[in-house]
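The values are calculated or read from the model by the stated rules, or taken from the named source; none is laboratory data. Every value quoted in this text rests on a predicted model; they were computed, and no experiment measured them. Heads up, the Cβs are rebuilt from the backbone with ideal geometry, glycines too, and the neighbour counts pull from every protein chain shown. What goes into the accessible areas is simple: the full protein's heavy atoms, side chains included, and nothing from ligands, DNA or RNA. Shrake-Rupley method; radii C 1.70, N 1.55, O 1.52, S 1.80 Å.
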Amino acid sequence: NNNNNNNNNNNNGSSGEDCIQIILATKGMDILPSHNQRVRDIFKRILKERKIQVKYGAEAIGVCPVVPPSNTNNGQAVDAPSSSSPQQKYCLKLSDQSLVNHPPICFDECLWCTSAGSSSWVKECTPFEKTHDGFFKVRDTYESVSHGGVFAAGDCCHMVDNPRPKAGVFAVRAGPILCDNLIAYLLKKPLTPHEPQKEFLGLISTGNKYAVASRGQHALEGEFLWVLKDQIDVKWMGMYQNLPSMEEMMQDEQETLVDTTSNIGTNNRDVLQPTLTSTNSRGPDAMAAFAEASMRCGGCGAKVGSQTLTRVLDAIHRRRIWKYKKSMVTSSPKTKLPNKIDADDAAIIMLPNTGAAGGALIQTIDFFRSFISDPFVFGKIAAIHALSDCHAMGAQAHTALALAVVQFAANEEMTERTLVDMLAGASDVLDEEGCELVGGHTCEGAEQALGFTISGFINDPSLLLRKRGGKIGDKIVLTKAIGTGAIFAADMRAKCQGELVEEAIQSMMTSNRSASRIAMNLMETRKKNKLDKGIHSCTDITGFGLCGHLLEMLLANDNNSSSEEEQEQDRISCQLNLEDIPFFQGAIEASKDGIKSSLYRENSRSRRAVTNHNEALESCPLTYTLLFDPQTAGGLLFFVSADICDEFVKELSSDPGTKVAAIIGELVEYTNDDALTSSVCEMDDSMTVNSYKETANRIYINF
């Protein structure tokens with residue numbers, strides 16, 4: 001665009017149409033060379049009617065700034081005031097492709113249209129056979145002519161057998177054939193050749209709800225063609241913007257399974273149908289349960305819920321007690337049972353004293369399904385997640401055993417590659433933490449999964465951080481934002497922006513080691529000075545969500561033991577400041593869309609601990625519900641003495657390895673005389689009166 005004559009035109013009272021000059025520069029000797037002469041003639045007429053000048057044989061080769069003439073006053077240069085300084089002008093440099101000498105074109109705005117080009121990395125960094133201008137050479141099966149198993153389609157390639165111009169229609173039509181041939185290659189079946197169409201309908205808008213149709217030697221123009229083009233474009237874009245819900249897609253896949261089960265093997269894609277048959281074979285009850293939450297989350301969203309797990313462990317513990325008492329009648333039992341189940345993040349095995357002080361062995365295990373397509377990144381996150389139990393207790397991880405499940409594959413090279421990537425990502429993390437991967441076990445399965453058994457140690461067991469230990473007046477400190485479960489539940493439904501998913505991934509790939517070391521160093525210093533250790537309790541936020549894990553810490557101080565140490569613990573509840581809790585933006589967006597992790601329903605049972613649940617839900621529905629969101633590789637949650645909390649948070653904030661350092665609440669004395677008469681929430685089927693008494697009114701939400 002060039003409007004150098006704007007002022008003159010306006011002063012002459014000309015219409016606004018004359019205020020803008022438009023110039024079209026093309027290196028060709030004609031416009032639209034890939035279309036027929038009738039189409040070209042129509043557009044030449046339209047360009048002339050619009051007073052758009054066309055420069056033929058003029059290839060744009062660069063842009064340079066226009067140097068304005070100097071202002072002078074009696075021969076002296078004068079700087080114009082900054083407020084009235086003209087905007088910097090630029091000109092387009094042209095290369096002559098004809099006998100006409102084209103001077104540079106000065107412009108205010110420039111729109112560039114380029115033909116398809118090959119990326120530099122294709123030309124410079126790949127060994128595949130290419131055309132002189134850098135496009136992959138492929139056969140009519142879209143397989144590289146030089147490297148079997150490498151496929152390309154669309155503008156990045158050149159089909160040797162059936163050359164076609166670079167147009168989106170050919171890329172779209174190549175999709176189904178490309179999919180079939182990729183699967184056929186993996187299954188070692190013959191590839192399907194494809195001969196793309198030679199002609200296609202082009203609908204070219206002229207910008208005023210008018211369009212021109214072009215196909216072969218035919219041309220047509222009119223307003224009705226613009227309406228047709230608009231309908232096609234809107235429908236096409238809607239396919240990418242208005243995606244079906246994952247529940248609908250899962251239902252379609254289940255119906256497809258029923259339709260194709262009897263014909264497995266008739267099509268390459270049948271072999272890769274989702275593995276729902278194992279669920280289908282278990283009868284209608286299993287299918288009904290599956291349909292209730294058909295999109296089951298991976299990561300820590302795939303954990304068994306807290307209430308279910310508690311009941312299971314309690315049943316096993318009571319069974320062991322029964323067997324223990326029974327064995328005492330006939331012989332001395334070989335194992336001494338604890339009075340209650342220890343709910344700490346890891347098992348603690350006290351070692352024999354060595355010198356002046358003894359040590360403790362820490363053992364923990366974590367395992368879950370993949371929730372991300374990159375096995376290398378998944379390996380990193382799985383390792384960081386497994387190490388967090390050691391970090392939460394203040395221990396140093398020493399050795400790790402891996403349990404890896406890789407998806408079924410027809411080609412063992414794929415199995416090998418996936419396993420290499422997964423364990424490479426994990427070993428990078430373990431090496432950074434000084435934890436040796438000493439062995440493990442692998443197997444094939446329907447879904448990719450990874451877990452680790454971590455063994456660690458601590459020289460001074462008195463410094464171990466456990467779930468119990470919080471004191472009235474302690475501040476609650478959190479080291480990572482909340483919301484990974486909701487983000488990946490939204491991502492599974494293609495309803496979370498990529499940058500918001502990436503923010504969560506970067507958080508999950510950040511180890512809690514730095515925060516743990518800062519806490520341990522602070523406690524060691526205070527112990528040397530014969531002071532209270534200051535940091536009284538810690539856990540990592542994972543599958544049960546912030547509210548669930550916080551409740552575990554509050555309940556850990558309650559005990560039925562005769563241990564003198566445990567009897568000294570304060571009975572505590574807490575106040576959480578909702579506005580101080582960091583939430584991922586992607587999680588808030590998921591809440592707006594009503595998307596929750598499949599574990600949310602189970603986690604939300606801990607709402608019975610929230611004194612003002614109904615009020616908090618009504619006032620802050622987007623953020624309050626995220627307190628029950630399951631986290632993968634989440635942050636640490638500390639109970640810290642108020643007198644050192646600011647110092648601790650300052651050190652965390654200045655540490656590059658710590659994502660967040662937020663004071664989100666404080667501990668207060670727990671009184672629960674009116675628990676059963678409270679209108680907090682209803683008791684669910686999994687609760688007893690005693691369990692309700694223990695948990696009710698533990699958490700108050702400030703909002």
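Taken one residue at a time, the phi angles of region 208-213 give Karplus couplings (6.51, -1.76, 1.60, θ = phi - 60°) of 10, 6, 9, 9, 10, 9 Hz. Gly and Pro are set to x.
For region 490-613, state the average projected area of the convex hull of the C-alpha atoms over all orientations, rounded to one decimal in nm².
Working: hull surface 41.9 nm².
Its average projected convex-hull area is 10.5 nm².
Residues whose amide H falls under 5 Å from that of residue 632, counting only those 5 or more places apart or on a different chain, are 300, 484, 485, with hydrogens built in the peptide plane.
Would you work out what percent of the accessible area of region 89-221, with all protein chains in place, is carbon or sulfur (probe 1.4 Å)? Before the final figure, lay out the partial values.
Working: 4430 of 7990 Å².
Solvent-exposed carbon and sulfur of region 89-221 make up 55 percent of the total.
The three principal axes of the C-alpha atoms in region 355-496 carry coordinate ranges of 57, 41, 22 Å, sorted with the longest axis first. Remark: region 473-484, residue by residue, has Karplus-estimated 3J(HN,Hα) of x, 4, 8, 9, 10, 10, 10, 8, 5, 10, x, 5 Hz, where x stands for each Gly or Pro and the curve is 6.51 cos²θ - 1.76 cosθ + 1.60 at θ = phi - 60°. Taking the inverse of the mean 1/r over every pair of distinct Cα atoms in region 420-537 gives a Kirkwood hydrodynamic radius of 18.1 Å.
Close amide H partners of residue 365, meaning residues 5 or more places away or on another chain with modelled amide H under 5 Å apart, are 454.
Which trypsin sites (Lys or Arg not before Pro) in region 30-70 sit in a loop by DSSP (not H, G, I, E or B) and have at most 15 other Cβ atoms within 10 Å of their own Cβ? Show your work: numbers first, answer last.
On the way: sites: 38, 40, 44, 45, 48, 50, 51, 55; in loops: 50, 51.
Loop-located and lightly packed - 50, 51.
Calculate the length of the line joining the C-alpha centroid of region 400-418 to that of region 529-547, in whole Å. Cα centres, region 400-418 to region 529-547: 37 Å.
The order of the peptides 139-148, 378-387 by mean Cβ neighbours within 10 Å, most packed first, is 378-387, 139-148. Computed over protein heavy atoms with a 1.4 Å probe, the carbon and sulfur contribution to the accessible area of region 459-535 reaches 48%.
For the cross-link pairs 209/229; 166/198; 480/650; 166/189, which exceed 18 Å when the distance is taken from alpha carbon to alpha carbon? Working shown, then result.
Numbers: 209/229 10 Å; 166/198 12 Å; 480/650 15 Å; 166/189 29 Å.
Beyond 18 Å: 166/189.
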